1. Hey, what did the chain get for relative contact order, percent, Cα under 8 Å, at least 6 apart?
2. Where the only charges are on Cβ atoms (+1 Lys, Arg; -1 Asp, Glu), what is the dipole of segment 169-277 about its Cα centre, to the nearest 20 debye?
3. Could I get the Rg over Rh figure for segment 118-162? Both from C-alpha atoms, Rh via Kirkwood, rounded to two places.
4. Among Lys180/Lys273; Lys185/Lys273; Lys250/Lys273; Lys180/Lys253, which pairs are too far apart, with a Cα-Cα distance over 20 Å?
5. I'd like to know which of Trp41, Met182, Ile208 lies farthest towards the positive end of the charge dipole of the chain, counting +1 on Cβ of Lys and Arg and -1 on Cβ of Asp and Glu.
6. When we measure straight from the Cα of Lys217, which lysines land under 17 angstrom away, once same-chain ones fewer than 8 places off are left out?
7. With 10 Å bins from zero, work out the P(r) of segment 102-182 over every alpha carbon pair and list the percent per bin.
8. Quick one: net charge of Lys289's neighbours, Cβ under 14 Å, K/R +1, D/E -1?
Amino acid sequence: RGGSNVMVMADCYTPAGEPIPTNTRAAAAEAFEKMPAEEPWFGIEQEYTLFKDGTPLGWPRSAARSMGPCVQLGYPGPQGPYYCSAGADVCFGRPISDDHMHACLYAGINISGTNAEVMPGQWEYQVGPCVGIDSGDHMWMSRYIMLRITEGHGVTVSWDPKPIPGDWNGAGCHTNYSTKSMREKDNAYETIMKPMLDNMAKKHMEHIALYGEGNDKRLTGAHETAPIDKFSYGVANRGASVRIPNETAKNGKGYFEDRRPASNIDPYVVTAKIFDTTVLDLNGKGAGKGGYAPKK
């Protein structure tokens, strides 16, 4: 809105000064404060799906004869032409994506990119790099802004990780991650990152329990995902649980991408859990199983 208007995120506590049960920010902030010298960077890829009157944006109505590459009544053509697309027959929702990006930039959100996704009506934006707790703060505010933008366009946004069943891509929150040691130390891929990844393998199901509701419908081993019950990592492998970029493997240092988180994650929980498993736990400071989940 400009002028003297501001948006405020509330960090909620009881009258006794204890974090309320749903305040996952408090535990995450405490985790990042244990070893601040590691300077964890996060870049989160937020995927989402736009709906209009209960139908993904751009999908033909069941009574429609044809629309774009429609091959079946009520459904668009197969996936392929929609990813990073241009053109009104394959790209649905760009004004919403652009308005959201501009609003985030104006509000000071560290948004760094957008793109149309694999399923028609599905989009992504990226927030980061952010250091530690800033990642969750910027992600939650970006989601609020998305709700306001879609409201103005008369559409709704879904964070569901598998909004449409069948042969359609799900929606995730791929989380790109690095620490100061990973970024700067020579041969960090072998000496720092691989021990981190080994610990992530041991704690795979702990992570899955915190990586979003309904993620079992998305992590099937198809549609650029790894099976939910198996941990894997590989260089340039988009079908692995964790992808190691080519440049990281080539340079021996850098970052990796955890591809398991669902689009509906709590970013405080996920970023804290990744930092815990890869840094704190390996230094005897971990919070243990489920340490960042909302209190019951």
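1. 22 percent
2. In total the dipole reaches around 180 debye.
3. Computed over Cα atoms, the ratio is 1.02.
4. As for pairs spanning more than 20 Å Cα to Cα, those are Lys185/Lys273; Lys250/Lys273.
5. The residue sitting most towards the positive pole is Ile208.
6. Lys162, Lys230
7. The calculated distribution, bin by bin, is 15, 44, 32, 8, 1.
8. Value of the local net charge: 0.
The values are calculated or read from the model by the stated rules, or taken from the named source; none is laboratory data. Here the structure is a predicted model, which is why all the values come from computation and not from measurement. Here the Cβ is made from the backbone with ideal geometry for all residues, glycine too, and neighbour counts use every protein chain on show. Accessible surface areas use protein heavy atoms only, side chains included; no ligands, DNA or RNA. Shrake-Rupley method; radii C 1.70, N 1.55, O 1.52, S 1.80 Å.
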